[in-house]
Amino acid sequence: MAGQTLLDRLKQKFGDKIAGANLQAIDPWVEVRPDGLVEVCQYLKQEPDLKFELLNCITAVDYFEPDPKKAAKAGFEPHLELVYHLSSVTKKHSLVLKVMLPRWKDDVPGQLPEVPSVSGVWRTADWHEREVYDLSGVWFVGHPHLRRILCPEDWEGHPLRKDYELPLEYHGIRGR
Amino acid sequence: MAIDTGDPRIIEFDVRTDELLVNMGPQHPSTHGVLRLVLKTDGEVVSDVEPHIGYLHRCAEKIGENLTPRQWIPYTDRMDYLAGMSMNLGWSLCVEKLLNYEVPEKGRHLRVIIAELQRIASHLVGMGAYGLDLGTFSPFLYAFREREKILDLFEEACGARLTYSYITPGGATADLPRGWLQKCEAFLDQFEPVIQEYHTLLTSNAIFIKRTAGIGILSPEMALDYGCTGPVLRGSGVDYDLRRDGEERYTEMYDGYAFEVICQRHGHYPQDHDYPPVPKEAVLGDCWHRFYVRMLEVVQSVDLVRQGIERYSRARGSWGEPIKLSTKLPKGEAYLETECPRGQMGFYIVSDGSAIPIRARARSSSFCNLSVAPELCRGCLIADVPAIIGSLDIVMGEIDR
């Protein structure tokens, strides 16, 4: 499906919940505001001519330069990006959704940014969101049991954050 | 299997039994690596399964943020260590997509040959280990005997037997050595008749059918909902294979190759070869069908390697030199999925314009395939749990990354 037609359709249906788009990118993407994410996903999955029944992947990208000297030249404002890759098995097309989040909720370090969970739309999102929470530190509101999946339950911090520091020791094991 | 309390043969149905939590793994031979399952059981019947993963987590994605794409290739090997070549290929194609780099024709055919040989090797392990799960030892030895020959071929091409780092962004580290194609053809000629042995040992074996047919039935809707891909999805009758339906950058590798996606359409499987019949006990989407799809894909891959050899020997020019170790990446991001032996393996790269990406992500196929296991195991017998987990053919290295 042509990107522009789909974008127009989404904009008409959801108005300002569609925050932006980049159709010139290698994988064209549509940006959705967090409060509209579940509705948009529900629509994309159920609409008979879209049928995005497969959620391939959820990724969090941490845009942050820990070195203050380089930060000015980094070319981006510090933020966290959630990237949802969707595809349709029957219609054989794919789409990328993005959600922009602050790195910390209310800019208080340690307070995880919140986004609604799409595990009610695709059940595969259950594990993917647990992984994103575990490694990148995003709180998915409405997830049935959001807890760590790859790291141990008592692990501290979120390793894929750019400012993450390895703990000095973990249960008597030297970290660094 | 659900227990029917009205069945007169069951005499203890009104006895109150307690639920028991049983720990299986992480050091259990039939969990295929370090997978820990917590089973909630009522007698022999499993009422819930909770997989615990992460025992093999090596922070591969974090390492990827500190290395250039070519330096990360050896780490992709160690994800799905039974299909290292396919992992290399997935990452290489993703990086090439970001760079907008075209691999020469000869390199593309080389990649098809290598990737399909890898698929055979990987499915052989899957098949042999599945036999082990169900209590038969010989298919495992038969499978490893043939896999060994593929590893010999790989060793000759790149020097390694398990973690290859052979396919790299740009092409491959070296061309195939002289005389390799003849050896490969000799292997295929010898291997093709052997497949019949596997069918006799497993596919049409009465005990095997009893253990797998009608067990762990996965409906196509549930498979898609849980993001299952590869043989698990096709075993449920969904006609989807990225080699045909994927992105152009990937499908152009297979341009002109004749192959039919292995899945049951209109009640029957492709009939281009002499395959054993589907037993009447088997239900679409059960363990037997997932196994059968893998067995048929082995034959399909043999055909593809033959076609690849023919095209490769006709192609002229370079096989594709690897890109420079510190090639600057353009600013942007790219996501690409390839059809690996275990399903759709996706790689995602985000770059800010330097040589080192700011994010390297691997979407693991086994990760999603395993997430459906609690759903499949609910209500089955304890002895069926290894049968179901084995039929998903998971590799923990890929799940935990």
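Work out the mean other chain Cβ neighbour count within 10 Å for the residues of B:219-227 and drop it here as an integer.
5
Summing +1 for each Lys or Arg and -1 for each Asp or Glu, what net charge is found among the other residues whose Cβ lies under 9 Å from the Cβ of residue B:315?
+4
Residues with beta-carbon under 11 Å from that of residue A:119, excluding residue A:119: net charge, scoring Lys, Arg +1 and Asp, Glu -1?
-1
Would you please put B:97-104, B:36-43 in order of how densely packed they are, using the mean number of other Cβ atoms within 10 angstrom per residue and starting with the highest?
Highest mean packing first, the order is B:97-104, B:36-43.
Which three semi-axes in whole Å describe the equivalent ellipsoid of the protein assembly as shown, each the square root of 5 times a Cα gyration tensor eigenvalue, listed largest first?
36, 32, 23
In peptide A:155-167, what is the residue-averaged number of other protein chain Cβ atoms found within 10 Å of each Cβ?
For peptide A:155-167, the averaged partner shielding equals 1.
As a test of the formula, what do you get for chain B when each DSSP H run with n ≥ 4 contributes -39,500 (n - 2.57) and the sum is divided by the residue count, at 222 nm and rounded to the nearest 500 deg cm²/dmol?
After summing the helix terms and dividing by residue count, I get -13500 deg cm²/dmol.
When you take every Cα atom in the range B:258-331, what is the radius of gyration, and what is Dmax, the widest Cα pair distance, in Å?
In order Rg, Dmax, the Cα atoms of the range B:258-331 give 19.4, 58 Å.
For helix B:105-133, report the angle its Cα long axis makes with the longest principal axis of the Cα atoms of chain B; keep it between 0 and 90° and round to the nearest 10°.
So the helix axis and the longest Cα principal axis differ by about 20 degrees.
Using only the alpha-carbon atoms, how far is helix A:125-136 inclined from the longest principal axis of chain A? Give it as 0 to 90 degrees, nearest 10.
In chain A, helix A:125-136 runs at an angle near 40 degrees to the longest axis.
Using the Cα atoms as the points, what is the convex hull volume per residue of the range B:214-354 in Å³?
Cα convex hull per residue, to the nearest whole number: 139 Å³.
Take the alpha carbon atoms of chain B, find their radius of gyration, then divide it by 2.2 N^0.38 Å using N residues; give the quotient.
1.01
In whole percent, and with a 1.4 Å probe on the protein chains, what portion of the accessible area of the protein assembly as shown is carbon and sulfur?
Summing carbon and sulfur atoms, their accessible area is 54 percent of the total for the protein assembly as shown.
Give me the net charge of residue B:170's neighbourhood, meaning all other residues with Cβ under 15 Å from the Cβ of residue B:170; Lys, Arg count +1, Asp, Glu -1.
+3
Based on the alpha-carbon gyration tensor of the range B:166-241, what equivalent-ellipsoid semi-axes (square roots of 5 times the eigenvalues) come out, in whole Å, largest first?
Each semi-axis is the square root of five times an eigenvalue, giving 34, 24, 8 Å.
Counting only heavy atoms of the protein chains, get the accessible area per residue of the protein assembly as shown (1.4 Å probe) and round it to a whole Å² value.
The answer is 40 Å² per residue.
Relative to the compact globular guide of 2.2 N^0.38 Å, what is the alpha carbon radius of gyration of the range B:102-226, as a ratio?
Output field value: 1.29.
Extent of the range A:92-176 along each principal axis, from alpha carbon coordinates, in Å, largest to smallest?
The principal-axis extents, from largest down, are 49, 27, 25 Å.
By how many degrees, between 0 and 90 and to the nearest 10, does the Cα long axis of helix B:180-198 differ from the longest principal axis of chain B?
10
For chain A, just the Cα set please: Rg and Dmax, both in angstrom.
Cα-based Rg and Dmax for chain A come out at 17.6, 58 Å.
Ignoring ligands, DNA and RNA, how much accessible area is buried between chains A and B, both sides summed, with a 1.4 Å probe, to the nearest 100 Å²?
Looking at A and B, the buried total is near 3500 Å².
Name the long-range amide H neighbours of residue B:283: under 5 Å, sequence gap of 5 or more, or other chain; modelled H, no Pro or chain starts.
Result for residue B:283 returns B:214.
Among B:381, B:296, B:325, which one moves the most in a GNM of chain B with springs linking Cα atoms closer than 10 Å?
So, out of B:381, B:296, B:325, the one fluctuating most is B:325.
For the range B:227-291, take the convex hull of the Cα atoms, compute a quarter of its surface area, and give me that in nm², please.
Computing the convex hull of the Cα atoms and averaging its projections yields 5.2 nm².
Provide a whole-number value for the mean count of partner chain Cβ atoms within 10 Å of the Cβ atoms in peptide A:47-58.
For peptide A:47-58, the averaged partner shielding equals 4.
Taking every Cα atom in the range A:49-99, find the radius of gyration and the maximum pairwise distance Dmax, and write them in Å.
15.9, 49
The values are calculated or read from the model by the stated rules, or taken from the named source; none is laboratory data. Please read these numbers as outputs of a predicted model, since none were measured by experiment. Virtual Cβ from ideal backbone geometry, glycine too; neighbours counted across all protein chains shown. SASA here: full protein model, heavy atoms, side chains in, ligands and nucleic acids out. Shrake-Rupley method; radii C 1.70, N 1.55, O 1.52, S 1.80 Å.
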